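FYI, it's all coordinate maths here, none of it is from the lab. Remember, it's a predicted structure, so these values are computed and weren't measured experimentally. Note that each Cβ is placed from the backbone with ideal geometry, even for glycine, and that neighbours are counted across all protein chains shown.
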Protein chains: 4
Amino acid sequence: MINIGLIGYGYWGPNLARNLAETEGVHLAAIADTSADRRNAAARRHRGVAVCGDGASLIARDDLDAIVIATPLVTHFPLAQAAVERGKHVLIEKPLAGSRAHAEALGALADKRDVCLMVDHTFVYNGAVRRIRALIDSGDLGELLYLDSVRVNLGLFQQDSNVIWDLAAHDLSIMDYLIDARPVAVSADGTAAAGFNQESVAYVTVHFANGFLAHFHVSWLAPVKMRQMMLGGQQRMLVYDDTNPSEKVRVYDNGVDFDVKDDEARRQILISYRTGDMYAPKLDRREALSLVTREFVDSIEQRRAPLTDAAAGIRVVALLEAAEVSLRAQGKRIPV
Amino acid sequence: MINIGLIGYGYWGPNLARNLAETEGVHLAAIADTSADRRNAAARRHRGVAVCGDGASLIARDDLDAIVIATPLVTHFPLAQAAVERGKHVLIEKPLAGSRAHAEALGALADKRDVCLMVDHTFVYNGAVRRIRALIDSGDLGELLYLDSVRVNLGLFQQDSNVIWDLAAHDLSIMDYLIDARPVAVSADGTAAAGFNQESVAYVTVHFANGFLAHFHVSWLAPVKMRQMMLGGQQRMLVYDDTNPSEKVRVYDNGVDFDVKDDEARRQILISYRTGDMYAPKLDRREALSLVTREFVDSIEQRRAPLTDAAAGIRVVALLEAAEVSLRAQGKRIPV
Amino acid sequence: MINIGLIGYGYWGPNLARNLAETEGVHLAAIADTSADRRNAAARRHRGVAVCGDGASLIARDDLDAIVIATPLVTHFPLAQAAVERGKHVLIEKPLAGSRAHAEALGALADKRDVCLMVDHTFVYNGAVRRIRALIDSGDLGELLYLDSVRVNLGLFQQDSNVIWDLAAHDLSIMDYLIDARPVAVSADGTAAAGFNQESVAYVTVHFANGFLAHFHVSWLAPVKMRQMMLGGQQRMLVYDDTNPSEKVRVYDNGVDFDVKDDEARRQILISYRTGDMYAPKLDRREALSLVTREFVDSIEQRRAPLTDAAAGIRVVALLEAAEVSLRAQGKRIPV
Amino acid sequence: MINIGLIGYGYWGPNLARNLAETEGVHLAAIADTSADRRNAAARRHRGVAVCGDGASLIARDDLDAIVIATPLVTHFPLAQAAVERGKHVLIEKPLAGSRAHAEALGALADKRDVCLMVDHTFVYNGAVRRIRALIDSGDLGELLYLDSVRVNLGLFQQDSNVIWDLAAHDLSIMDYLIDARPVAVSADGTAAAGFNQESVAYVTVHFANGFLAHFHVSWLAPVKMRQMMLGGQQRMLVYDDTNPSEKVRVYDNGVDFDVKDDEARRQILISYRTGDMYAPKLDRREALSLVTREFVDSIEQRRAPLTDAAAGIRVVALLEAAEVSLRAQGKRIPV
């Protein structure tokens, strides 16, 4: 039985608490939040779990084996650092830290203290995303050409970070999981609408050496909710629409064949809207977060690196930081 | 009665021919196309209209008052130049020309010869787009914050131009019509997938002095057809989905108010997916192209500039050219 | 503080338990279920709440003021009868009972014992349905012409009742709430597909004296999930799509005017797909079931009839019973 | 070369004329319409084709081999009878005639005169419908359980027939093509909304001896356009949505297995929304009507019965007539 303490019971914390409470081999022992309201909410939902206002005192407890951190980004580093130094295993809500330097420092410290450091890249555990990875691995898509992602809605503006750190963190973690090639540069544009001090609409482009191009549109200022990713391959293309309740992944049997010499023939092939069947595979519908908490526990018990380890967290933070630099440099392409 | 000759009966020409034939005050007298197949198709559909293989001989005819050009982009300039020099009024399929220099030369020549030079920015005549302009003018949207446009499908790859010249020309002409402020710079990224010699997936960002940001995603390599534009205003936001058969424009009564001092209250407002009603206004459903041919005839008869005059054509070509320059310069921001 | 015991922790019981636990003024004291697995699940989710295997022993407890029943339909009557006779207030999952006679007997008994008897017609408390009622009351829709309802999916086949008792109960309760006129007859057709002993696909038609017609399609055997209701009025029509995450109710400003004498003009009006604006009003998004438990407590405390009282429950059961009779009589129209 | 005259250039006639003009081996020689406006429209679109106001004079012409009839339903019989008696081949817009007696008389007369009598059941030639037939034939769907069809929109009210004769004629012709078993009875309900003299909303149920059930919802009074058919089989189910531009047919790999004895296990299987993959096959996208005119010409030339021959037309009219009888008899089940 692993005794776990949770710091942060705001937006994401309750989801983590619920999943931790239902994960076999876990005892959710304590929850910390600075807000009295949130502590009351935690106490009501989780009778018998200790609540306190102070993450530090929770880290100080000897009976806790692991700490789960779901607090504002700026506090990820100090809280995680303190927990790792106390020898606790740590699971941190994405992104791992607010800067590449902090992310790397945490990774090094965890190695030194020989504890598990895991980042909650939730979407990597999603049935749709794992199925897409399987489609790539099977060769069904052929050589990959581009990835286009849209994650927009009318969202909660955050005071301490812009929309890239908030939303693109999800999509970059998906890209990091799906695409084996490593990016060479990042560029970004955005606008801080309506006098707000943070960008609320932004575009991030990730460049690869082989011509593969990934592009991300994120926004807190869209009138409709969209969660769509297109992945184009030489053999087939797919659309992953996370708002579709039943057919999240659609695979289109559309091949583009440039060997055709006869221009008229090529015209015939390409001018048609769809040239093959479409299918929507059955997906694992388990809640991704339940697999996240399971993986955290398993990697602690099996003394192995989790799927979304510190290295993955560092790679994503490096991209976010480069996007931020580009944003401040008129969209200049920043090497990573 | 205005006698008109049409050059080009490929993809767009038949639509122009059909609308010209049904426009009152117009006599479609002749159609030219270099392909015998296309000439046969023209002759079958338009019995009694002369067909020929040569645009030049059609321009040479004294009985024609006006020439409509629907040929590949590279031929726009020489054909239009010849026609204007012969004193013909000219309507050209978008974009006006393949370079800013050519577009400006055509505009100057038309002024000098005192003929009507019009560009077929079809979408400017679309009921949805005109309704959006009316919504902007009424102040319903409030101060405009951003425009985001997606125009993708599995499309016909063109040999002589990339996807920006082909598809973004539409969206930039819509932006030119809707947004009174003038852009200050353009940047673009893209990829020439699968060894093709032209970019088939591209992103164009148009920058404005006041912080307004416009972004365009165009692709010939998407598995699904999307034609969606979001326009965000301080008071309301709208989505224009051209693939929706019945509700192309949706206006969302979502205001973002940054005067709220209480963070909890703001959270309440923004965290909700929609905070107000949505409505989809009734639109003029007439075919846009019928209004294009009508406007061409009216501006000739009334000796006035058409709505989409040479100046509009030049502005759009200038943006396309800047996007092309940026594409060749690693996405550098190019002033316009 | 009202002490409540819940009988039945299968499909719907956990939702009732969760909402009862969060309703102010309620103490969820005990949960009964015949299945050990379900009792374990209840104990895990609701630490501190007593669990037992026997509804009768729970009814026998003196410390409980009210009983909530979420058990198979056949047990509604005996459990509710026992609870009411012990002077308990009772909330029963829809439908109230398995026959009109049982429903009426329960209503009479509750009157005699002066306790609150409420049926959980959940959808009556739904923000969309309440908004539709407000639209009717405001006169916006004009005279009502028809109601068409589709509630189909690939669902759990039930052993002890057919799809009408399971699914149409929802829609008939919505109709009972929305339509003030009372039905005069019911007819039904259905098929017991694949050798199953209960109808899994069925159609119910409810006839009104004034020509208003209501029709219900219910199915456990549809490949897609649909929850759609159309309500047509002389002035406006609406579509309520419960699967739409953001715009559940759409009101169409389509009037049908039969005063027009000129046939050509009428053709002009009617042949157009939409003749007016559409709007989707903002809805109360609170969970309907939280309002159900609130209404149960309020009506107990205020000693008044609940919105969905025994009379409403009896009316819906009468329609269900008539539909069943029609089903056994080749779709004959059965007076109610 | 077959010389064809077309009678009726109202709603459907122009589509027939366009397709006839483009069918190889056909010469569209003459068009008749009683309206001067419609004759002018015909003359404008079809230069060189004779127009006249009188179907009879067109039937009287010796140079015409075949007559195509696209007039109001009440005129189908007299016009077709006259044409067949003159030895003309005849293609009639659906439904074949306004009564079963008339339909059968036409069939007998055509046999006697040895001419081709074909009914334009357009949807039978549709790529989606033909693909569904192929899926049935392949056994992919397994034993068929039910067919559910919805064809509703805000439509043109017709003076001379109700919505069943107008819209259900399409769906019954599709059913006639897809389902080999023959119906045993029909029942129907409907309402003549808003004081109109014809039913504008109706439901038709078609009963089969083997338990298969077909149900049709048709309406001129719906705020949205829907064209959806569900076909449930023991092995797979499909949805045919004719308003979907790209994926009209979706096949769901959902099996229902009643052999499972363990109730808990069955619950597991059935409670899930989709238990298998979905796929949308590529369809033949040619215009169905072009295949109708092709089939008419081919069956004349090959002296064979067309796919949608008089017998098919009679079967559909028999169902329509039975539905009408049921409508006048309070929804009584009428044997066919």
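A cut-off of 5 Å between modelled amide H atoms, ignoring neighbours fewer than 5 places along the same chain, links B:Val336 with B:Ala185, B:Val186.
Over segment A:85-155, the ratio between the Cα radius of gyration and 2.2 N^0.38 Å evaluates to 1.51.
Remark on C:Gly233: its backbone amide H falls under 5 Å from those of C:Leu145, C:Leu238, a criterion applied only to residues 5 or more positions apart or on other chains, H modelled at 1.01 Å from N. Extending 7 Å from Cα along the Cβ direction at C:Gln302 and again at D:Asp137 yields two label points whose distance is 6.6 nm.
Phi-derived couplings, Karplus 6.51 cos²θ - 1.76 cosθ + 1.60 at θ = phi - 60°, listed residue by residue for segment A:229-239: 10, 10, 10, x, x, 4, 8, 9, 10, 9, 10 Hz, with x used for Gly and Pro.
Ranking of A:Val204, D:Val297 by neighbouring Cβ atoms within 10 Å, starting from the fewest: D:Val297, A:Val204. Percent of C-alpha pairs per 10 Å bin in chain D, short distances first: 6, 24, 31, 25, 10, 3, 1, 0. Annotation: average projected area of segment A:107-201 is 8.9 square nanometres, based on the convex hull of Cα atoms across all directions. Take the Cβ atoms of C:Met1 and A:Trp12, set R0 to 25 Å, and the FRET efficiency comes out at 0.15. Each part reduced to its alpha carbon centroid, segment B:309-336 and segment A:205-238 end up 24 Å apart.
Count charges around C:Leu289 for me, please; just the other residues with Cβ under 11 Å from its Cβ, Lys/Arg as +1, Asp/Glu as -1. Net charge around C:Leu289: -2. The rotation axis taking chain A to chain C passes closest to the C-beta of one chain A residue; that residue and the distance in whole Å read A:Arg47, 2. Over segment A:1-109, the hull volume per residue, using the convex hull of the C-alpha atoms, is 89 Å³. With neighbours defined as other Cβ atoms within 10 Å of a residue's Cβ, the residues D:His27, D:His217 order from fewest to most as D:His27, D:His217.
Taking 30 Å as the limit for the C-alpha separation, the pairs C:Lys248/D:Lys248; A:Lys282/D:Lys282; A:Lys248/B:Lys248; C:Lys94/C:Lys248 never exceed it; all remain within the limit. Using only the Cα atoms of the protein assembly as shown, each taken as one equal point scatterer with no solvent, compute I(q) by the Debye sum, divide by I(0), and report log10 of the ratio at q = 0.04, 0.05, 0.07, 0.09 Å⁻¹. Values returned for q = 0.04, 0.05, 0.07, 0.09 Å⁻¹ are -0.27, -0.43, -0.86, -1.39. Label-point distances for C:Ala108 to the equivalent site in the other copies, using a point 7 angstrom along Cα→C-beta, read 6.3, 8.5, 10.0 nm when ranked shortest first. Annotation for segment D:1-106: chymotrypsin sites (Phe, Trp or Tyr not before Pro) lying in DSSP loop with at most 13 further Cβ atoms inside 10 Å of their Cβ are D:Tyr11. Averaging Cα coordinates gives a centre for segment D:150-186 and one for segment C:159-192; these two points are 25 Å apart. Give the angle, between 0 and 90 degrees and rounded to the nearest 10, that separates the Cα long axis of helix A:36-45 from the longest principal axis of the Cα atoms of chain A. With both axes taken from Cα atoms, the answer is about 80 degrees.
Remark: label point of A:Tyr11 defined 7 Å out from Cα along the Cα-Cβ vector; separations to the same position in other copies 3.5, 4.1, 5.1 nm, ascending. Placing a label point 7 Å from Cα along the Cα-to-Cβ direction at C:Gly139 gives distances to the equivalent points in the other copies of 3.2, 6.5, 7.3 nm, listed shortest first.
Compute the FRET efficiency between B:Asp277 and D:Leu156 as 1/(1 + (r/R0)^6), taking r as their Cβ-Cβ distance and R0 = 41 Å, and round to the nearest 0.05. Computed FRET efficiency for B:Asp277 and D:Leu156: 0.85. Counting only alpha carbon atoms, the long axis of helix A:76-85 and the longest principal axis of chain A meet at about 60°. Sequentially through segment B:326-336, phi angles give Karplus couplings (6.51, -1.76, 1.60; θ = phi - 60°) of 4, 4, 7, 10, 6, x, 4, 6, 10, x, 10 Hz, Gly and Pro residues having no value and appearing as x. Think of it as helices only: each DSSP H run of n ≥ 4 in chain C is worth -39500 (n - 2.57), and spread over all residues that comes to -10500 deg cm²/dmol at 222 nm. For segment D:28-35, backbone phi angles converted through the Karplus equation (6.51, -1.76, 1.60; θ = phi - 60°) give residue-by-residue couplings of 7, 9, 8, 10, 10, 8, 6, 9 Hz, Gly and Pro being listed as x. Annotation: amide H of D:Asp120 within the under-5 Å range of D:Ile92, D:Glu93, D:Lys94, sequence separation 5 or more or interchain, hydrogens built in the peptide plane.
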